[in-house]
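Below: the structure, in structure tokens.
The values are calculated or read from the model by the stated rules, or taken from the named source; none is laboratory data. The shown structure was predicted, so the numbers you read here are calculated from the model rather than taken from an experiment. Reconstructed Cβ throughout: ideal geometry from the backbone, glycine too, with neighbour counts over all protein chains shown. The accessibility values were calculated without ligands, DNA or RNA, using every heavy atom of the protein model including side chains. Shrake-Rupley method; radii C 1.70, N 1.55, O 1.52, S 1.80 Å.
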Amino acid sequence: MGLLSDPNRRRALISLLTRLNAPICVLCYFAAVCWFMGLSFEPFTLRTYMSENAMGSTMVEERFPAGERALATAKEFGAHKKKVGGMPVDWLVKTMQARGLEVFTQRFSRTLPFPDENNERYIVEGTNVYGILRAPRAPRTEALVLSAPCSPGDDNNQAVGLLLGLAHYFRSKSIFWAKDIIFLVNEHDLIGMQAWLEGYHHTNTTGMDWSPLQGRGGSIQAALSLELSSDVVTSLDIVLEGLNGQLPNLDLANLFYAFCQKIGVLCTIQGRIQRNDWDSVSGYSHAVQTMMLMVMKQASGRSWGDHGLFLRYHIEAATIKGINSFRQYKTDATTVGRLLEGMYRKLNNLLERLHQSYFFYLMPSLSHFVSIGYYMPAFGLLAVILLLRALDLWVQLATPPSRNEDGVADIEQSSTGVLSVLTPLVISHLTGAALYMLPVRFQEMAVEHFQVSETEAVVLTAIAVYTGGLALPHNTHRYWLISGEGTEQGWRVLKLVAVLYLAVLLGCTALINFSLGFILALTLVPVASFVTPHVPKLLSAVVLVILSPAFTLLFSVFIFQELQEMPVSFQDGWMLYLSVISQGILDHYLYGSLVYPLIALMVYPCWLLFWNILFWK
Amino acid sequence: MAAYVNRCSNLLVFIFILSVFLFVDSQQTTPVNEQHTNTADNPQPAAESATQTAEEGRWEATEVDEAALGDSAADKLGVRASDTFVLTPTPQPKDDFQEELVIRPLHSGDIYASFQFRTLWETDFMRENKVSHYRLFPKSLGQVISKFSVRELHISFTQGYWRTMQWGQPFLPSPPGAELWVWFQDSVTDVDAAWKELTNVLSGIFCASLNFIDSTNTVQPSASFKPLGIVNETDHRFLRYATLPREIVCTENLTPWKKLLPCGSKAGLAVLLKSEKLFHSSFFSQTVHIRPVCQDRECKTTSWELRQTLNVVFDLHTSGQGKREWSLFKMFSRTLTEACPLASSSKIYIDVTDNPQEEYFELSPATPLLSQAVVLGDRRTFSVYDLTQQVTFGTVRSLNLLIRWKSTEGDMLRPLLHAERYVAGYGLQTGEIHTVMYNNHPFRSFPVLLLDSVPWYLRLYIHTLTVTSKGKDNTPSYIHYQPSKDRMRPHLLEMLVQLPPHSVTEVTVQFERALLKWTEYTPDPNHGFYVGSSVISALVPSSVAMDTNITQEQPLFSSFFPCKEESSYFVRVYTEPLLVNLPTPDFSMPYNVICLTCTVVAVGYGSLYNLLTRSFQIEEPNPRLAKKIANFIRRIRGVPLLS
């Protein structure tokens, strides 16, 4: 800092930075991309290890025997489900009671803001059934949750069967347990889970109707959600990404991995098997793709399984999915049951909540992880570009008008600057607010006037407002003729504000949800750096639009499909894109996902500011 | 009623009479009840110990169907008492010891076993310091009473939570963890000091962490904990109440508790108290209650009562191995062979109310003795085994009760009053405590006293307190609130709430989680912090007339809470304790954190502040000495200075 307090050297440094600004920015950008791509290179990552002592050294012996019986129960459950045409509440209550649990039910209902065409639901009514296995001599202060969604059709019957089988086995061995275990079968997957969690914690964040819960087990320490749709599985997949990009403690993933290794079950993350040839190109690209999938999923801010909603309540949770592919080696239900038994007995040993290991990480494979300390520099390099640009602008603003030291002249400058900046800021944010409010508010009107369904109406309104926003800057010019002062000065002030705004916005986003922050930074930072009123208009406008948040989403959809090895045609991709938008809006209204409001209220207005600068007159 | 007059001295006659009684068993309930009242009305000349014990024996004889056995017991006791009378000319300490075991097959298929031991001693610990000769009463506790001028002392150690919805009401409720409440004599000047010292002494006696009781978890309830013994003052300045919800109860607490018994664990019912079985259960609770009680109806003389109870619930599933049957041996890994020789009465009661035709379970060996008692607002029938009778043990000289279940377990119960509590909300800043109370009585409303003691680190927002029943506001008729002081004392909230019939009443209050100083965190801060159970005390409407006569001979388990009116009975319900997470720093790398924070503050903040607040100007280098001198001369000459 002595460097900066010496005016001569400060001047020299600043002149160096302004002179070499563009090359440094380009260098930083490529360094950031390279750093990020290097993250999944195995020698640069850390091996996962169990941090929690209570789960580490004490190995448990799993003895769950009743896989066949669980599958029989699953069949019975499937038959009853078919007969009732939904969740067989009475049968479940009776079955759980017969297994010696305290059984309770919860009714819930929710009217969606607009029909969900992917899951074909609009007015949702359902019942959650849960049974509590009371731990002997424990005062109901801690609990673990095992849940299985009751899906429509024949899906997931095996999960419910295994859940009931485990309940029976756990009850008969109830001397183990130091924490109550809650066995939950939730209807309408995430909506039911949301209702149950809100009921359990007596909060209401999303305006759902539910009946209050009668029985509780204290504070929930950890939860697993089970998805099994076949009698045998080839591999088990763990899903970690939760609402708003939250992740459970890494120890939960470690626990799963450790037991898969012990029992000899093939385990995957992102549905991709781990490879050992990290030094080959294909091995490396495999790891990159796995990590990119995680980044994409995390950035979406969705809950990728029923577990995702637990994370808001500081409950570590993951979804375990059984995958049945065409491989030779199969795992039967008994083994899956043993795996779950082992995991629960380890979790039961916990003395404190899972807190020892990382909460912020990326996983290029199940055995390796990238911690926050390793991936943050990639984002930091991008953020530096914004700060360098801001410095450059500041110097440009400060130097030409007056050489007379500092103070008076600058203040006058900035006061006119602030006034001229205020109008575009307000207008672009109003556009953002319109993007947030209008689609859902005006769906009825849209349906009346156009031949579209409600869902289409919402999505198309959103796109219309978004594109409508692009037309605004030309109009806003007229309002700020008052500023009169040289427009050269005006756009610089506006750009300075916009660049700093973007830097703060992306910085905060990346702290909470690195993936989202990084993807946004990757596209918005170039925009923020190059845009001036003097660049070729048409070309720049095209580039600007292509790098706008909406197109980022479009590209992400295609890349995601590509990574999942399910490439789509442009037509299908477009339809997918529309449904992704509607899902994003629904996620916000149903579960409180923050990505939609973040994009609509903050990122999009910020981008509009740059659009504004481009068309500065 | 011939047998009542006759004294049986010979076994043949005895058996004959017994068989007669077996025959008339079914028709005898009403006359015996008359007998009860008759004897109760007779004033008892309780002057000498010998006659008194004999009289007691006679009382016992008025119990249903127990005439013959009770009489012979009285004989035996009378002999023993007169023996001591003859041997020692000085008056003996008038003490008496009773033990009983109540076994209640629960609705859920579990088994509830409750041991009750009572030592009565007619003495005065307070008058002078001369009480030095102890017989049945444990000396350690006697000294505690006299040293600290204790009027009443109640301790309970509990592992597990009583499941009211499955098990109904316990005979004697207790909260998870340790609970201690003490009434001091009004002669005590510094109650807090006495309390502090007393908790430390008790901590030593019971090998428990009672020494963790300090001012931050002690409260003085104004209404919820009234004295249970003879009442002459109820100024709550002399009351102290504290709970330790985190206390873990195990063998080391059981052993000193067993040592307080006159027979230790050598004889009598206490031989069953094997820790490896008792702690292999769903619920375990041991208590000690000391209080002054009336000796007789007029309450001319008082005596000290020491009541030790141990309640345990065994799980049917865990050790049933498919067979649904229970025996004393299975439960306790011991059978009974004798009563405690020092006990004036030693009995086993088995609750057979729900099982008149043996349709739920089968009991063997069968006993002809039946007794009725009014417990918790219900008239229950018990099979009685009197251990002072050799015939109880049969030819094998040991008693191994066997219960064989026939039906499957039932649904959940709907007890008239039950309650639950939980923390609502998410995040580490605020939260809300919900206490839910259920009145399941179809048409009667009744008042309950709710006591909440919340540690200071949950800062209650008392203005957010709401009480709602059936969706409407329910104004408590009495509220006593004492705000907390940080690191000094907890919140105390007491309310008298009327519960409407067949309703759910919800009490909510919001709180803020305090950020503790870093030394105040427990070694396992991420486990969370405990908030003790709230206590709900109520007079619940009774379906049968309650016994208001406190001196009348009753089974021990039904006579703990004094009953003042016939139409209702006293119930105390404890909710579950809460586990609340406070904002916790990452203690795993304090060194890193401290270093980083200091660096950031020192370097980053310091120099940034410097840059922002100072204005920098280029300073001219110092003029040379020659120039200085030249300028000095020039100034004198009045010529312009050199620059």
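Some points to look at:
- In region A:357-369, the qualifying residues are those that are touching a helix residue (DSSP H, G or I) at 6+ places or on another chain (Cβ under 6 Å) and within 13 Å of chain B (Cβ to nearest Cβ), and the one that is most open to solvent (accessible area, probe 1.4 Å) is A:Phe360.
- Answer from B:Pro590, B:Pro583, B:Pro577 - the residue that is at pLDDT 90 or above, more than 21 Å from B:Cys294 (Cβ to Cβ) and out of contact with any Ser or Thr (no Cβ under 9 Å at 6 or more places or on another chain): B:Pro583
- Screening B:Trp181 with (1) in a helix (DSSP H, G or I); (2) touching a residue at least 60 places away in the same chain (Cβ under 8 Å) gives one miss only, at (1).
- All positions within region A:266-296 that are of a type in the set (Ser, Thr, Tyr) and touching a Phe, Trp or Tyr at 6+ places or on another chain (Cβ under 9 Å): A:Tyr284
- Checklist (1) aliphatic (A, V, I, L, M); (2) open to solvent by 20 Å² or more (accessible area, probe 1.4 Å); (3) assigned to a strand (DSSP E or B) applied to B:Ile248, failing item: (3)
- Per the listing A:Arg327, A:Arg312, the residue uniquely surrounded by fewer than 24 Cβ atoms within 10 Å (Cβ to Cβ) and either in a loop (DSSP other than H, G, I, E, B) or in contact with a Cys (Cβ under 8 Å, 6 or more places away or on another chain) (or both) is A:Arg327.
- One residue stands out in region A:370-391 among those that are in a helix (DSSP H, G or I) and not hydrophobic (A, V, I, L, M, F, W, C): the one that is surrounded by the most Cβ atoms within 10 Å (Cβ to Cβ), namely A:Arg389.
- Matching entry among B:His491, B:His480 (being open to solvent by 20 Å² or more (accessible area, probe 1.4 Å), over 19 Å from B:Leu416 (Cβ atoms), at pLDDT 90 or above and within 25 Å of the chain's Cα centre (by Cα)): B:His480
- Residues (part of a loop (DSSP other than H, G, I, E, B) and either in the same structural domain as B:Leu556 (by TED's automatic domain parsing) or open to solvent by 20 Å² or more (accessible area, probe 1.4 Å) (or both)) located in region B:264-298: B:Ser265, B:Lys266, B:Lys274, B:Phe279, B:His280, B:Gln295, B:Asp296, B:Arg297, B:Glu298
- Restricting attention to region B:499-527, the residues being at the interface with chain A (Cβ under 10 Å from one of its Cβ atoms) and open to solvent by less than 40 Å² (accessible area, probe 1.4 Å) number 5.
- The set of residues from region B:136-159 being open to solvent by 20 Å² or more (accessible area, probe 1.4 Å) and within 14 Å of the chain's Cα centre (by Cα) comprises just one member, B:Gln159.
- Taking the numbered list (1) free of Cβ contacts under 8 Å to residues at least 60 places away in the same chain; (2) touching a Gly at 6+ places or on another chain (Cβ under 6 Å); (3) away from every other protein chain (no Cβ under 14 Å) in turn, A:Val129 passes all entries but (2).
- Whether a residue is outside any loop (DSSP other than H, G, I, E, B), in contact (Cβ under 8 Å) with a residue 40 or more places away in the chain and more than 30 Å from A:Gly153 (Cβ to Cβ) was assessed, and A:Ala32 passes this test.
- Odd one out for B:Ala242, checked against (1) of a type outside the set (S, T, N, Q); (2) within 22 Å of B:Ser149 (Cα to Cα); (3) open to solvent by 40 Å² or more (accessible area, probe 1.4 Å): (3)
- Count - residues of region A:345-399 that are under 30 Å from A:Gln489 (Cβ atoms) and in contact with a Ser or Thr (Cβ under 7 Å, 6 or more places away or on another chain): 4
- Set A:Gly215, A:Gly207, A:Gly245: member being more than 21 Å from A:Met343 (Cβ to Cβ) and buried (at least 24 other Cβ atoms within 10 Å of the Cβ): A:Gly245
- Among the criteria (1) open to solvent by less than 30 Å² (accessible area, probe 1.4 Å); (2) modelled with pLDDT of 90 or more; (3) part of a helix (DSSP H, G or I), the one A:Arg171 does not fulfil is (2).
- Hits in region B:596-625 - residues which are away from chain A (no Cβ under 12 Å), over 60 Å from the mean Cα position of the chain (by Cα) and open to solvent by 70 Å² or more (accessible area, probe 1.4 Å): B:Glu620, B:Pro621, B:Asn622, B:Arg624, B:Leu625
- Hits in region A:89-125 - residues which are crowded, with 21+ Cβ neighbours inside 10 Å and more than 13 Å from chain B (Cβ to nearest Cβ): A:Leu92, A:Thr95, A:Gln106, A:Phe108, A:Arg110, A:Phe114
- Single unsatisfied condition, A:Thr334 versus (1) buried (at least 23 other Cβ atoms within 10 Å of the Cβ); (2) more than 18 Å from A:Ile512 (Cβ to Cβ): (1)
- Meets criteria (away from chain A (no Cβ under 14 Å), touching a helix residue (DSSP H, G or I) at 6+ places or on another chain (Cβ under 8 Å) and at pLDDT 90 or above) for B:Leu328: no
- Once region B:419-458 is narrowed to residues that are away from chain A (no Cβ under 14 Å) and among the charged types (D, E, K, R), the residue that is most open to solvent (accessible area, probe 1.4 Å) is B:Arg444.
- Check on A:Leu226, crowded, with 23+ Cβ neighbours inside 10 Å, within 14 Å of chain B (Cβ to nearest Cβ) and either closer than 24 Å to A:Ser300 by Cα or at pLDDT below 90 (or both): no
- Extreme residue, nearest to B:Tyr530 (Cα to Cα), among residues of region B:160-206 that are open to solvent by 30 Å² or more (accessible area, probe 1.4 Å) and within 14 Å of another protein chain (Cβ to nearest Cβ): B:Met165
- Test: A:Gly165 is within 14 Å of another protein chain (Cβ to nearest Cβ) and either at pLDDT 95 or above or crowded, with 23+ Cβ neighbours inside 10 Å (or both): no
- Qualifying position, being closer than 18 Å to A:Gly131 by Cα, polar (S, T, N, Q) and part of a helix (DSSP H, G or I), among A:Gln214, A:Gln194: A:Gln194
- Any strands (runs of 3 or more DSSP E) falling wholly within region B:382-471 and containing at least 2 residues that are touching a residue at least 60 places away in the same chain (Cβ under 8 Å): B:402-405, B:417-424, B:430-439, B:446-454
- Condition check for A:His286: out of contact with any helix residue (DSSP H, G or I) (no Cβ under 6 Å at 6 or more places or on another chain), assigned by TED's automatic domain parsing to the domain that holds A:Leu166 and surrounded by 18 or more Cβ atoms within 10 Å (Cβ to Cβ): no
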